[in-house]
1. What are the residue pairs meeting all of these: first residue in segment 51-64, first residue without any contact (Cβ under 8 Å) to a residue 40 or more places away in the chain and farther than 20 Å from Thr75 by Cα, second residue surrounded by fewer than 10 Cβ atoms within 10 Å (Cβ to Cβ) and of a type outside the set (Phe, Trp, Tyr), Cβ atoms under 9 Å, and 6 or more apart or on different chains?
2. Only residues that are more than 30 Å from Arg33 (Cβ to Cβ) and either open to solvent by 70 Å² or more (accessible area, probe 1.4 Å) or hydroxyl-bearing (Ser, Thr, Tyr) (or both): list them for segment 65-81, please.
3. Among the residues of segment 36-57, count how many are loosely packed, with under 10 Cβ neighbours inside 10 Å and either of a type in the set (A, V, I, L, M, F, W, C) or touching a helix residue (DSSP H, G or I) at 6+ places or on another chain (Cβ under 8 Å) (or both).
4. From Thr62, Thr8, which residue is of a type in the set (Ser, Thr, Tyr), modelled with pLDDT of 95 or more and loosely packed, with under 10 Cβ neighbours inside 10 Å?
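The values are calculated or read from the model by the stated rules, or taken from the named source; none is laboratory data. Treat the numbers as computed from the prediction; the structure is a model and nothing was measured. Glycine gets a Cβ as well: all are built from the backbone with ideal geometry, and neighbour counts include every protein chain shown. Just the protein is used for accessible areas: all its heavy atoms, side chains included, with ligands, DNA and RNA removed. Shrake-Rupley method; radii C 1.70, N 1.55, O 1.52, S 1.80 Å.
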Amino acid sequence: MTEEATVTAAIRARGLEGAGKFAQEVVWRGYFRGWLAQRPAIWAGYRTGLDADLAMLETDRTLRRQVAAAEAGATGIACRRRVRRKTWP
């Protein structure tokens with residue numbers, strides 16, 4: 001399925017306003033994929049770092065606990081209850 005078909009289907013299902021943010025994300029992904037295609041060393045470096053991080057996660061019990069706590073939202077970091085929305089002109 002192409003990006004155009006994906007966005008078109010979303011707009012048909014949710015309307016332009018309802019699908020707007022999703023459409024922006026689809027277009028951004030397409031742009032970024034093209035940007036990375038022109039810079040293969042950046043993608044390779046990311047993959048190398050990711051592999052190293054995942055290997056560390058396998059061997060470091062403390063890190064695994066910290067990651068699990070973060071995924072559960074139990075980091076101890078205070079969270080603001082009220083979020084102010086920016087109003088765009």
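1. none
2. Within segment 65-81, Arg65, Gln66, Ala72, Thr75, Gly76, Ile77, Ala78, Cys79, Arg80, Arg81 qualify.
3. 3
4. Thr62
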